[in-house]
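Below is one structure; the comments refer to it alone.
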């Protein structure tokens, strides 16, 4: 179209301005729509996030304040800057493309020498190893961008070469298949930007799904281990119900108080005495004499939040302001405390048994047959008491968890759909350019069905090649999100769990959307053949 307009006398400057205006309008609509949708989404899911943090042991979530008009203004400014940069970048290319119609063809061996491949692979190794050196939240976010840029570079430079290696193994005794594979290589070289968009969407989708699934499994395991009593109840009773007479079952209170350490509010909570409770505290790290020092009131356990924020580890000392004054303790272990925004220390129950103000919960060691008696006793002493079974508490926590990340799954699906649409449009336009080849195949007796099958196999070849390259980058993204972004943003981490089913499901959904969209134009291909033949 640009060539025809240029031949009709439209100046290059006017064409460039029109293209920039078109890009700006499209970017503006997308940015403003994204800001509105994002602001609405944050407002909608903030109550759900508050619930999940409340269920995960005393956690609180603050959605923060944001100004939608200010975000829109920033989006418009960024769009304008991006369009200006793109205009400068395409000015040179436009001058050449308007002068003559050229296609990027075949000179792989000259353009990509083996030395370039060596430097590309070396750079990828440096990017992978450099992830360990990330030391702040800003660095982590910038590094994610670097990983995606490295992945796009790999798609642009390496994917056509890998596809060419596969295509060369196809025997010429199968001419249609041989042509299909080599034509797919040619298409991959001319759909680089669309392939990069699909790569970014697929890598981000897989990375997010792996991260969320790891968090889900870690949270469930943590709750299963941490909640050791058959029942729990919450109440605003002023005092200690566990010391009230007449309780039908043994009750265990969780005592606590808040103190200030190095200008930071610190939760001090009790952990029950007795060796039988040791198995219920999940620890990331502990000293050899951890439990003996803890029961001797010389050692404490701290959560990841305190360890990461103040750079503490096993063997360090911490001073706490208790009723008896300032006491020094040795840190004998670090435990995960998922979802809690506050730093926390666990002390032996005996040191906090007089702290009633911050009793957060009671554990009730009751059987199912004793539940009714316990509820009756609680109603007599505290009308606000809410009794919940262990299984119900875990089920509700995981239900809120799933509802929260259902929004994330929807956003991932929308992102994949947009990227697949861009790939679909790019491929559709390129297929129009190979009509003469398709008509030639039809004229030598190749049936329309086989031509459709050939084109479909080319689409699948390109999509699968892009997906295979996206997989390692997706896993690196998941590792960065769990061990770096989460670590510096929330000051806690969890194990990265690679579930093959989750990875395969993410791959199949992404590929399925892309292949489904790219298969849509094939239904009209036979009609085009007939109309072209009638015109001839």
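The values are calculated or read from the model by the stated rules, or taken from the named source; none is laboratory data. None of the values given here were measured: they were computed from a predicted structure. Reconstructed Cβ throughout: ideal geometry from the backbone, glycine too, with neighbour counts over all protein chains shown.
A few points about this structure:
- Inspection of region 370-384 finds a residue satisfying the criterion of being touching a helix residue (DSSP H, G or I) at 6+ places or on another chain (Cβ under 9 Å), surrounded by fewer than 16 Cβ atoms within 10 Å (Cβ to Cβ) and under 30 Å from residue 271 (Cβ atoms).
- Residues that are within 30 Å of residue 382 (Cα to Cα) and either within 38 Å of the chain's Cα centre (by Cα) or not in a strand (DSSP E or B) (or both), drawn from region 307-331: 323
- Residue within region 227-235 that is within 30 Å of the chain's Cα centre (by Cα), at pLDDT 90 or above and part of a helix (DSSP H, G or I) present: no
- Filter result for residue 52 (modelled with pLDDT under 70 and assigned to a helix (DSSP H, G or I)): yes
- The residue that is nearest to residue 242 (Cα to Cα), counting only those in region 332-353 that are surrounded by fewer than 19 Cβ atoms within 10 Å (Cβ to Cβ) and within 35 Å of the chain's Cα centre (by Cα), is 342.
- Scanning region 145-155 for residues being surrounded by fewer than 20 Cβ atoms within 10 Å (Cβ to Cβ), touching a residue at least 12 places away in the same chain (Cβ under 8 Å) and under 17 Å from the mean Cα position of the chain (by Cα) gives a total of 2.
- Among residues of region 492-536, those that are at pLDDT 90 or above and outside any helix (DSSP H, G or I), counted: 8
- Residue within region 242-254 that is crowded, with 21+ Cβ neighbours inside 10 Å, in contact with a strand residue (DSSP E or B) (Cβ under 6 Å, 6 or more places away or on another chain), in a strand (DSSP E or B) and in contact (Cβ under 8 Å) with a residue 60 or more places away in the chain present: yes
- Qualifying residue in region 275-293 (condition: out of contact with any helix residue (DSSP H, G or I) (no Cβ under 6 Å at 6 or more places or on another chain) and either in the same structural domain as residue 214 (by TED's automatic domain parsing) or at positive phi (or both)): no
- Subset of region 263-281 that is assigned to a loop (DSSP other than H, G, I, E, B) and surrounded by 15 or more Cβ atoms within 10 Å (Cβ to Cβ) - its residue that is modelled with the lowest pLDDT: 272
- Matching entry among 394, 427 (being in contact with a helix residue (DSSP H, G or I) (Cβ under 9 Å, 6 or more places away or on another chain), modelled with pLDDT under 85 and part of a helix (DSSP H, G or I)): 427
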